[in-house]
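The values are calculated or read from the model by the stated rules, or taken from the named source; none is laboratory data. Note that the structure is a prediction, hence the values are computed from the model and not measured. Quick reminder, even Gly has a Cβ in these numbers, built from the backbone with ideal geometry, and neighbours come from all protein chains shown.
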Amino acid sequence: MTDQPNTPPRASAEETRILRDLACRKAEILARPAVSERIRLWKKHNALAQERPMLLVFPEGGWEDLISADDSLRCRCSDPLLRGIEQEIRKELYAFEHFDTDNVPSPAICVPKSISNSGWGVEARWEMSGEERGARRFDPVIAGESDLDKMHFPEVAHDEEDSRQRFDAVREIFDGILPVELAGIRHVSFHLFSQWTALRGLEEVLMDMIAEPEFAHRAIAFLAEGNRRLVEQYERMGLLDFNHDNTYNSTGGNGWLESCPGPAPAPGQPATRAQMWASAEAQELTVVSPAMHEEFALRYEKALLEPFALTGYGCCEDITGKCGLVLDTPHIRRISISPFTNVAISAPQIGNRAIYSWKPRPTDLIGSFNPGRIRSYVRENLAICRQAGCQVEVILKDTHTCEGHPERFDAWSRIAHEEIDSL
């Protein structure tokens, strides 16, 4: 739920040619039977009727290594919106040509509506590392409970004329090749503790839960109410968009379904929460007990997720001892299983009650690349999931680097797909 820049795009003749050429390549891939088959499998998978485990690779931070090594990934457009569209297409083409996965290119070019909001009254502040891509340190702007009075709920604005101009400009570029869609809010995900720790600091937040629990509850309740109001504003203003398609869902996977979840949509009407996927996570609480996770996070997250048709939960937190709590999330359909979660314990608990979104360790792409170790690791965990009856998806992500070896992504995906095929 991020703001979008108000920048009507402009492209030179050469940039237009480049974009249209890329779009033609993408259209040719989308027309292949292999893509239609992947979409069919995703729809069954997301309906908890999978035919086989699904496989995705998201290089994320590793894209920097891939772009440095392959000129086909280097963007030529100067306009920020067009450059973003160009980069997305180039990544989709690269993934389809290199990764042996179930990644699907998006069927349309999406132009985000010009949506903004007034913010929360305070902004996060960080101490940055002097090293390239180095870590950053919390620099809290909320020193105590009285500082909460500086905050206010965000108010949403939509520049309809700017949305129309941007849409018309992009549609003209891709006319006759790919459909262009003016997209509202499609990815809805709640990150209350990510927001709060950015303002208060991680150590401070964890200490507050013990030493100042009333303050902690007041803060999270405020953020939860602000997020609820944000989504309600989007819904009231007709800015929510259907996401039972290739839209990135939760912290991995997509939303593909045979039809819209929830009530059937009226022709020409925008989406409502009751027709959408949404998700939440609280990875900052991986070290706290299930009882504290329930008290300080899930009780608020469940209320935010209740109005949605289908939901996901989790990110990088270890949910080994919290599976029962997560399964109690309203309308749960996808649960993120981080590399820190014990598969042998969590898989039998989750079974086929929700998609088991397993994130293998990304560290196998750095240091000494060992195909045999990767194969054994994937095979062992897939066997556990199969025995538990899980609707499993395997998603390699959180890869900050491949240390200048882009071929490792290709090899990893090939190994994982071979192990899936051998089940």
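Tabulated data for the structure shown
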| quantity | calculated |
| --- | --- |
| Residues (touching a helix residue (DSSP H, G or I) at 6+ places or on another chain (Cβ under 8 Å), closer than 12 Å to Asp70 by Cβ and either modelled with pLDDT under 95 or charged (D, E, K, R) (or both)) located in the stretch 403-423 | Asp410 |
| Conditions (1) modelled with pLDDT under 95; (2) at positive phi; (3) not charged (D, E, K, R): number failed by Gly367 | (1) |
| Residue selected from the stretch 32-78 under the condition in contact (Cβ under 8 Å) with a residue 24 or more places away in the chain and among the acidic types (Asp, Glu), by the criterion surrounded by the most Cβ atoms within 10 Å (Cβ to Cβ) | Asp65 |
| Answer from Pro406, Pro371 - the residue that is in contact (Cβ under 8 Å) with a residue 12 or more places away in the chain, surrounded by fewer than 19 Cβ atoms within 10 Å (Cβ to Cβ) and out of contact with any Phe, Trp or Tyr (no Cβ under 8 Å at 6 or more places or on another chain) | Pro371 |
| Hits in the stretch 226-253 (condition: among the hydrophobic types (A, V, I, L, M, F, W, C) and either touching a Gly at 6+ places or on another chain (Cβ under 8 Å) or surrounded by fewer than 22 Cβ atoms within 10 Å (Cβ to Cβ) (or both)) | Leu230, Met237, Leu239, Leu240, Phe242 |
| Residue in the stretch 172-181 that is in contact (Cβ under 8 Å) with a residue 12 or more places away in the chain, closer than 30 Å to Arg136 by Cα, not hydroxyl-bearing (Ser, Thr, Tyr) and not in a strand (DSSP E or B) present | no |
| Among (1) in contact (Cβ under 8 Å) with a residue 60 or more places away in the chain; (2) in contact with a Cys (Cβ under 7 Å, 6 or more places away or on another chain); (3) of a type in the set (Lys, Arg) - the single one Arg83 does not satisfy | (1) |
| Scope the stretch 60-106; condition assigned to a loop (DSSP other than H, G, I, E, B), touching a Pro at 6+ places or on another chain (Cβ under 7 Å) and over 16 Å from Thr16 (Cα atoms); matching residues | Asp70 |
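Residue-wise test of (1) assigned to a helix (DSSP H, G or I); (2) within 28 Å of Ala157 (Cβ to Cβ).
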residue	(1), (2)
Phe215	yes, no
Leu223	yes, yes
His244	no, yes
Glu284	yes, no
